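Rule-based calculations on the coordinates, nothing more; no lab input. Note that the structure is a prediction, hence the values are computed from the model and not measured. Glycine also receives a Cβ, built like all others from the backbone with ideal geometry; neighbour counts cover every protein chain displayed.
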């Protein structure tokens, strides 16, 4: 057997081992994210039903160490487990989690790479990602929360949000449930929803920052 053939076989075996290890690491991070959703507690006095959890930390860790696609895989898998197996608001909860946390991941990792991973660039990227997540959650709460709270059709809630944003709205044109849900979300926006999402994204980003510098080399060792 030639040296060239042996080299190819060795490379193929190494590649398969790296792929297997990568899958194991993704599965572990998904499992950790799914479990962390149960370690939760309120952080905003005005909205005690909004509970903080660290489920996004493994998602961010996967994205920053193995790339954005890896982070999104962990996010999609963990969100599906949380929404459909653990009963966290079903399809609506799944969609809101993916969009919100996906925004955090995409903005933070993209900006970090754009800044050439310079010293301090991760902090800037995570701050911007946290702000983007808090901003995207504003329309998401107006559009999807009424469905969860009062079974308001998503289309009606979206129209009401747009009318309220652009020109005001005529309550007579909407159901009482839609108007009540809209007003409830609007009333909680500044005292509950925005502070909560800023604190949640900020804390998870801070935890990721410290965890990353301790674990990145272990994850990248064979999964680069």
Inset, instruction - In Å³ and rounded to a whole number, note down the convex hull volume per residue for the Cα atoms of the range 48-116. - result: 84
Legend entry - Centroid-to-centroid separation of the range 26-70 and the range 105-178 [C-alpha atoms, Å]: 19
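Stretched out fully, how many nm does the piece from residue 20 to residue 124 gain, at 0.36 nm a residue minus the Cα gap?
34.1 nm
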Inset, instruction - Rank by packing, highest mean first: peptides 109-121, 171-183, with packing defined as the count of other Cβ atoms within 10 Å averaged across residues. - result: 171-183, 109-121
Inset, instruction - Give, in nm to one decimal, the length gained when the segment between residue 186 and residue 114 is fully stretched (0.36 nm per residue of separation minus the Cα-Cα distance). - result: 22.4 nm
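Cα convex hull of the chain: how many Å³ per residue?
Residue-normalised Cα hull volume stands at 150 Å³.
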Inset, instruction - Just grab the label-to-label distance for residue 148 and residue 206, each label 7 Å out from Cα along the Cβ direction, in nm (one decimal). - result: 2.4
Legend entry - Length added when fully stretched, residue 214-residue 40, from 0.36 nm per residue minus Cα-Cα: 60.2 nm
